[in-house]
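Encoded as C-alpha cells, the structure appears first; notes follow it.
The values are calculated or read from the model by the stated rules, or taken from the named source; none is laboratory data. Keep in mind it's a predicted model, so treat the numbers as computed, not measured. Note that we place each Cβ from the backbone using ideal geometry, even for glycine, and neighbour counts take in every protein chain shown.
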Amino acid sequence: MLAAYDGHALVDWSWVGDHGDEIFSRLREHAVLLGWSVLLGLLISVPLALVSISRRRVYGVVLVTTGILYTIPSLAAFSLLLPYTGHSRLTAIIPLTAYTLLILVRNMVTGLERVPADVQDAATGLGYSSRRKLWQIDVPLALPTIFAGIRLAVVTTIGLIAVSALIGQGGLGALMLDGFDKDFYTPLIVGVVLTVVFAFAADALLLGVQKLLTPWTRKSGVR
C-alpha cells in the first residue's frame, strides 16, 4: 500500500497479482516499440551523420529537417498517418523513429567532430585510408558522445511511447489510459512506475555497454 486516496489504497495489490500477464504483455509491447524505433533511428541517422560530416551544407539541412520532425506533436503525427497505416504498430513507430533523429544525428556529428586533429593527422601519416580512419579511429573515439545521444534517445522514446496508447499501441501507456478512463489508480500507477523503472534500467544497461566498449574512458571519468 503506497498511500490512501479517499480512504482507499492507491495500489490494489490483488489487481496487480490478477493482471500479471497483462502487465508483462504491456511491458513487452513497450520494449518492442522502443527497439524498432531506436533501431530504425540509428539506421537512418548513421548515413545522415556521415554525409553531414563531409558536407556542412547538408548538415544544416539535416538539422532543420530533423528539428521540424521533432517538434511535430505526436497526436498530429498519428492523425496524419491513420488514413494510411491505421491503428497499427507502424503508426506508432514512424513518429517515434522521427523523434530520435535529431538527437542521434547531432550527437554522432558532434562526437566525430571532437576527434583531435593531431590524432587524425597521425592516422593519415600511418597510411590509414579515409574509411579505415573513420571506423578504426574516429568512431571509437566518438563513442562516448554517440552513446550519450543513444541513451537520451532511448529514455525519451520510452516516455513518448505511452502516448501511442491513444491508437491502441501504447505499451505501458495502455495501463495508464485504462486507469485514467476508469478512475482507478492502480493500473495508472503501475504503468507510470514501470515506465520510470524501464527508463532507468535501459539507461544503466547502455551505460554499462558504453564502458565495456570504451575502457580508456574509465580512468578519465568520461560519461
Checking THR100, THR124, THR110, THR156 in turn, the sole residue that is surrounded by fewer than 18 Cβ atoms within 10 Å (Cβ to Cβ) and under 15 Å from ALA49 (Cα atoms) turns out to be THR110
Considering only the stretch 101-136, state which residues are of a type outside the set (A, V, I, L, M, F, W, C), more than 26 Å from the chain's Cα centre (by Cα) and part of a loop (DSSP other than H, G, I, E, B).
PRO116, GLY127, TYR128, SER129
Of the candidates LEU141, LEU172, the one satisfying the condition of being hydrophobic (A, V, I, L, M, F, W, C) and modelled with pLDDT of 90 or more is LEU172
Residue by residue through the stretch 115-144, note down the ones that are closer than 29 Å to ILE158 by Cα and either touching a residue at least 40 places away in the same chain (Cβ under 8 Å) or not β-branched (Val, Ile, Thr) (or both).
PRO140, LEU141, ALA142, LEU143, PRO144
Matching entry among LEU33, LEU112 (being under 26 Å from THR195 (Cα atoms) and in contact (Cβ under 8 Å) with a residue 24 or more places away in the chain):
LEU33
With respect to SER45, determine if the residue is among the hydroxyl-bearing types (Ser, Thr, Tyr) and in contact (Cβ under 8 Å) with a residue 60 or more places away in the chain.
yes
Just checking, does the stretch 147-166 include any residue being farther than 18 Å from TYR99 by Cα and either in a helix (DSSP H, G or I) or over 13 Å from the mean Cα position of the chain (by Cα) (or both)?
no
Somewhere in the stretch 75-98, is a residue in contact with a strand residue (DSSP E or B) (Cβ under 9 Å, 6 or more places away or on another chain), closer than 21 Å to GLY173 by Cα and modelled with pLDDT under 95?
no
In the stretch 162-175, what count of residues is obtained for those that are aliphatic (A, V, I, L, M) and closer than 11 Å to ARG26 by Cα?
5
Kindly check whether there is at least one residue in the stretch 71-91 that is more than 25 Å from ILE167 (Cα to Cα), surrounded by 13 or more Cβ atoms within 10 Å (Cβ to Cβ) and hydrophobic (A, V, I, L, M, F, W, C).
no
Residue set GLY41, GLY35, GLY60, GLY67; condition loosely packed, with under 14 Cβ neighbours inside 10 Å, within 15 Å of the chain's Cα centre (by Cα) and part of a helix (DSSP H, G or I); output residue GLY35
Can you find a residue that is of a type in the set (A, V, I, L, M), exposed (fewer than 13 other Cβ atoms within 10 Å of the Cβ) and either in contact with an Asp or Glu (Cβ under 8 Å, 6 or more places away or on another chain) or modelled with pLDDT under 90 (or both) anywhere in the stretch 12-28?
no
Do the conditions hold for SER52, that is, is it under 24 Å from VAL109 (Cβ atoms), at pLDDT 90 or above, surrounded by 13 or more Cβ atoms within 10 Å (Cβ to Cβ) and out of contact with any Asp or Glu (no Cβ under 6 Å at 6 or more places or on another chain)?
yes
As an exercise: evaluate VAL222 against (1) in a loop (DSSP other than H, G, I, E, B); (2) modelled with pLDDT of 90 or more and give the number of the one condition it does not meet.
(2)
